[in-house]
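The values are calculated or read from the model by the stated rules, or taken from the named source; none is laboratory data. The structure displayed is predicted, hence computed values, not measured ones. All Cβ positions, even for glycine, are placed from backbone atoms using ideal geometry, and neighbour counts span all protein chains on display. Each accessible area value is taken on the protein alone, full model and side chains, heavy atoms only, with ligands, DNA and RNA left out. Shrake-Rupley method; radii C 1.70, N 1.55, O 1.52, S 1.80 Å.
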Amino acid sequence: MTSPAPARRPKVATITVGTNESRWLPACLSTLLAGNTPDLDLTVWYIDNASTDGSTALVRDTFPAVRIIQNDSNLGFARANNVGMRAALADGADYVFLVNPDTRTPNDLIHQLTTFMESWPEYGVCGPMQYTYTADGGPVALDEYNEWSRTALRLGEADGFVGDRPNRPSPAGPAAGRAPATLEHAYVQGAGLFVRAEVLRSLGLFDRVFHTYYEETDLCRRTRWAGWRVALNLDLGIQHYGGGGTGASTYRRVQMRRNRYYFLLTDITWTWPDIISLAGQWLREDLLGRSVGGNTTPARGWAETAAAAWWLLRLTPTIARRRRAHRRLRATRTVRSTP
């Protein structure tokens, strides 16, 4: 009598990118490694973005089970995560979990996210709700939503630019076929984003142009355009401090400003008159120093906006290519459903 084949063990890769984040890494990596995943093949990756604070040595000496890739320069969030995702896909991962350094992961979270994706194949991207970070070293308690989760719940399933255009249609899928306890928010934040490997293999990784900010929002919209659902799992959570190494800075302000325009210009669900109208509204605010990434003086607002405009102008061929690719993606959309 032939013995039954052993049950398939889904292969999950977690990816954490760090740039001088040594103070966060022990709690982040220890909670990932301590996960209750006996039925999974789990690999934890750390991608170092040219840190100078001894992060790589810390991980190598303290967490020998973690696989390390050390970049020669700071590639930004998008490209550094792409380095990790390529390695995970080459290693045969079924799912990839992007996890920021300033997080603590509950014991059963990876198992629960994997179970969800195995049960609901029409979901391409999902993620946990985010809770306030505690540094006491105790159990990962989920007591209070952080600011990002409170905002996500307030906005619900509205378009990502609802604050500027309240009448835009929701990106959420139809009610029929929806998994329970899910919120089809505009995007899942990259601090805790769980993605199906099939999505990455068919759609590609993060758009490297974004560098930092909006890359996960772009991946989520492309996932939807290809026919998968994207959702937050309301019953699952992760602790996330928020802010990371960028905080309120010139870097954050400049990256968020220029990436917002690039995101809008490559979104083929917007008509050109609407794009021009919204971009004009943003331009007036940016020149006054009131930008999406934080406020500054009008003089600095003019200088930073001029630099963003020049950056976008040089990207004109790339924007045209992205728009063509996005139109093809929507035209070949495949509607997926639970068998």
Once you have a ≥ b ≥ c as the square roots of the Cα gyration tensor eigenvalues for the range 253-320, tell me rounded if a/c is under 1.5, and otherwise prolate or oblate according to whether a/b is larger than b/c.
prolate
Over the range 1-144, what is the percentage of antiparallel beta bridges among all DSSP beta bridges, to the nearest 5?
0 percent
Could you work out [θ]222 nm for the chain from helices alone, using -39500 (n - 2.57) per DSSP H run of at least four and dividing by all its residues? Round to the nearest 500 deg cm²/dmol.
-12500 deg cm²/dmol
In whole Å, largest first, what are the principal axis extents of the Cα atoms in the chain?
71, 48, 38
One would report the Cα pair-distance distribution of the range 178-236, bin width 10 Å, in %, as 21, 57, 20, 2
The range 60-144: GluC sites (Glu not before Pro) in DSSP loop, at most 11 other beta carbons within 10 Å
144
Residue-wise HN-Hα coupling along the range 314-321, computed from phi with Karplus coefficients 6.51, -1.76, 1.60 (Hz; x: Gly, Pro):
5, 8, 3, x, 5, 4, 5, 5
To the nearest 0.05, what FRET efficiency results for residue 68 and residue 284 with a Förster distance of 30 Å applied to their C-beta separation?
0.05
On Cα atoms only, tilt of 76-90 relative to the major axis of the chain in degrees:
40 degrees
Counting pairs of alpha carbon atoms under 8 Å apart in space and at least six apart in sequence, what relative contact order in percent does the chain give?
18 percent
The ratio Rg/Rh over the Cα atoms of the range 84-222, Rh being the Kirkwood inverse mean 1/r radius, stands at 0.95
Find, to one decimal place in angstroms, the Kirkwood hydrodynamic radius of the range 178-316, where the mean of 1/r is taken over every pair of different Cα atoms and then inverted.
16.7 Å
Could you give each residue of the range 116-121 its phi-based ³J(HN,Hα) in whole Hz, using Karplus coefficients 6.51, -1.76, 1.60 with θ = phi - 60°, and x for Gly or Pro?
4, 5, 5, 7, 10, x
Largest-first principal axis extents of the Cα set of the range 1-144 (Å)
59, 37, 30
Counting Lys and Arg as +1 and Asp and Glu as -1, what is the net charge of the other residues whose Cβ lies under 12 Å from the Cβ of residue 8?
-2
The percentage of the accessible area of the chain (probe 1.4 Å, all protein chains present) made up of carbon and sulfur atoms, to the nearest whole number, is 55 percent
With a cut-off of 8 Å between alpha carbons and a minimum separation of six or more residues, what is the relative contact order of the range 191-339 in percent?
28 percent
Accessible surface, per residue, of the chain when the full set of protein chains is kept, probe 1.4 Å, Å²:
45 Å²
From the Cα gyration tensor of the range 1-82, with a ≥ b ≥ c the square roots of its eigenvalues, which class applies: rounded if a/c is under 1.5, or else prolate if a/b is larger than b/c, or else oblate?
prolate
Put 46, 261, 251, 187 in order of accessible area, largest first, probe 1.4 Å, and you get 251, 187, 261, 46
Whole-Hz ³J(HN,Hα) for each residue in the range 267-281, computed from phi via Karplus 6.51 cos²θ - 1.76 cosθ + 1.60 with θ = phi - 60°, x for glycine and proline: what do you get?
9, 7, 8, 9, 7, 4, x, 5, 4, 5, 5, 5, 4, x, 4
Please list the non-local residues whose amide H lies under 5 Å from the amide H of residue 105, H modeled 1.01 Å from N, same-chain partners needing a gap of 5 or more.
31, 32
